[in-house]
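Accompanying notes for the structure given below.
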Amino acid sequence: MIWVTWRQFRSTILFGVLTPLLLAAITVAITLIDGGVAPVPVLQRCLGIGEDYCTAETAQTIAILLTIALPVVLGAFVGVTVFSRDLERRTHVLGLTQSVSRRRWYGVRVLVVFVPTILAMALLGCALYWAKYRTSPGSFTFMSTGESRLDFPTFGATGFVSGGYTAAGLMLGAACALAMRNTVAAMITTVVLSTAFLALLPTQIREHYATPAVETQTLEQKMNDMYGGTPDYYRPLESISIYPRWNVSADYVDGQGTPVAIDLQKCTWPDNYRDMSEFETVTQYEEYADLRAAEDARTQIDCTRAQGADAFETKYHEDRLFWRFQAIETALTLLIAGLLGGLSLLLVKRLRP
C-alpha cells in the first residue's frame, strides 16, 4: 500500500518536500557566502540583490515571506489534490472495494505524502532560524529595530512552528477535498480558511500563551519618553537588547487599570510657535525648543489627566519566551490538524464506492 501510494503521488511528494528543502539550502548558502548577518529579528528592507552587503539580508527576507505562504500553498496543492483527484475521477472506488480498510486508505496517504512535507517545512524553519540568528560575523553595526523574535512574520518562519502550520494546512485541505469533492472549490476554501487561521494566531491568540508582564508609567514618565528620553542608538551597546520585548498592548488607564481612550484633539495646545529664523543664534533656538517641549508635555499631561487617565500601562512578553511560544503554537496547530484528521476520517467512512 505504501509503495502504491508513493508511485501514485511521487510528483506531489517531491514538490512538497523539495520546495522547502531547496529554499532552505539556497538561503543558507547565500548567507554563508555573504559572511553571515547581524542577528536582529526585523525583516531587512534592503532589497538590492546587486549590493554585496544586501544579498544575504534580501535572500532571508524573501525566504521568510515564502515560508509564511508555503503552508497555505501546500494545503491547497498537496492537501487537496491527494484526495480530490481520486474523488473527481472516481478512482477511489477501486481502493475502497479492496481488502484495505478505509482508515488505512486514508492513513497511508497522510503518512507517505503529508508527514515528509511537514518534516521538510520544520527543517526549513530551523534552517532559517540558524541563518538569521546564528551567523553573525562577530562584529556588526547595531540597528535598533524595536522588534522581537515573537513578532509576525519572523516568528512563524523561524523555528519548528512552520511544520505545525503545514500540518494544519494539509489536513484542512484534505478535509475540504473530502467534503466538497471538487478540486477548485476545495482549493479556494483551503486558501481562505488557512490564511485566516494563520492571521488569527499572531493577532489574537499568541499573546495569551503566557500572562503578559505589565509596565506602568506615570503620566510624567510617559511624557518624558515622548518629549525627552534617550534613543537606543545613543546608549552604550552593552545596554541594548538585540531582541526587544514584544509589546501586546499599550494604553492609558484610570486608577482601576481600565483602559481610557484619549483624544489629543481635545487638548488646548500653545499657539506661540516660533520659527528658527526668528532667532539670532542656534543656542537661543535650542533654549526655546526645550522650553516649548516642556510646555507641550505639561499641556498633554493636564489634558490626558482631565480625560480620566491616571497612568500609561504597557503589557508585553519577554523575547526569551521564543522557544516556549514555539512549542505552544506548534502543539496548538498539531491539535487542530488532529481534529481535522478526525473529521476527515468521518468523511471517508461516509464515502460510497
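Results, tabulated for the structure shown:
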| read-out | value |
| --- | --- |
| Residue within segment 257-270 that is more than 30 Å from TYR165 (Cα to Cα), modelled with pLDDT of 85 or more and in contact with a Leu (Cβ under 6 Å, 6 or more places away or on another chain) present | no |
| Of residues in segment 284-293 being without any contact (Cβ under 8 Å) to a residue 60 or more places away in the chain and within 47 Å of the chain's Cα centre (by Cα), the one surrounded by the fewest Cβ atoms within 10 Å (Cβ to Cβ) | LEU291 |
| Residue within segment 80-94 that is within 30 Å of ARG320 (Cα to Cα), among the aliphatic types (A, V, I, L, M) and modelled with pLDDT under 95 present | no |
| Residue check, ASP296 assigned by TED's automatic domain parsing to the domain that holds GLN217 and either basic (Lys, Arg) or in contact (Cβ under 8 Å) with a residue 40 or more places away in the chain (or both) | yes |
| Hits in segment 1-42 (condition: of a type in the set (Gly, Ala, Ser) and either in contact with a Phe, Trp or Tyr (Cβ under 7 Å, 6 or more places away or on another chain) or crowded, with 16+ Cβ neighbours inside 10 Å (or both)) | GLY16, ALA24, GLY36, ALA38 |
| Residue match in segment 179-192 (condition: more than 17 Å from the chain's Cα centre (by Cα), in the same structural domain as THR12 (by TED's automatic domain parsing), surrounded by fewer than 16 Cβ atoms within 10 Å (Cβ to Cβ) and basic (Lys, Arg)) | no |
| Residue among LEU332, LEU339, LEU264 that alone is of a type in the set (A, V, I, L, M, F, W, C), under 34 Å from the mean Cα position of the chain (by Cα) and surrounded by fewer than 12 Cβ atoms within 10 Å (Cβ to Cβ) | LEU264 |
| Long-range neighbours under 8 Å by Cβ, at least six apart or interchain, first residue under 12 Å from LEU32 (Cα atoms) and charged (D, E, K, R) within segment 131-156, second in a loop (DSSP other than H, G, I, E, B) and at pLDDT 90 or above | LYS132/THR158 |
| Hits in segment 159-190 (condition: among the aromatic types (Phe, Trp, Tyr) and not in a helix (DSSP H, G or I)) | PHE160 |
| Criterion (of a type in the set (A, V, I, L, M, F, W, C), in contact (Cβ under 8 Å) with a residue 24 or more places away in the chain and assigned to a helix (DSSP H, G or I)) met by exactly one of LEU198, LEU193 | LEU198 |
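Conditions tested, residue by residue: (1) under 26 Å from ALA213 (Cα atoms); (2) at pLDDT 90 or above.
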{"site": "ARG274", "(1), (2)": "no, no"}
{"site": "GLU286", "(1), (2)": "no, no"}
{"site": "ARG292", "(1), (2)": "no, no"}
{"site": "GLU295", "(1), (2)": "no, no"}
{"site": "ASP310", "(1), (2)": "yes, yes"}
{"site": "TRP323", "(1), (2)": "yes, yes"}
{"site": "LEU335", "(1), (2)": "no, yes"}
{"site": "LYS349", "(1), (2)": "no, no"}
{"site": "ARG352", "(1), (2)": "no, no"}
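The values are calculated or read from the model by the stated rules, or taken from the named source; none is laboratory data. Please read all numbers here as calculations on a predicted model, not as lab measurements. Because the Cβ atoms are built from the backbone with ideal geometry, glycine has one as well, and the counts that use them run over all protein chains shown.
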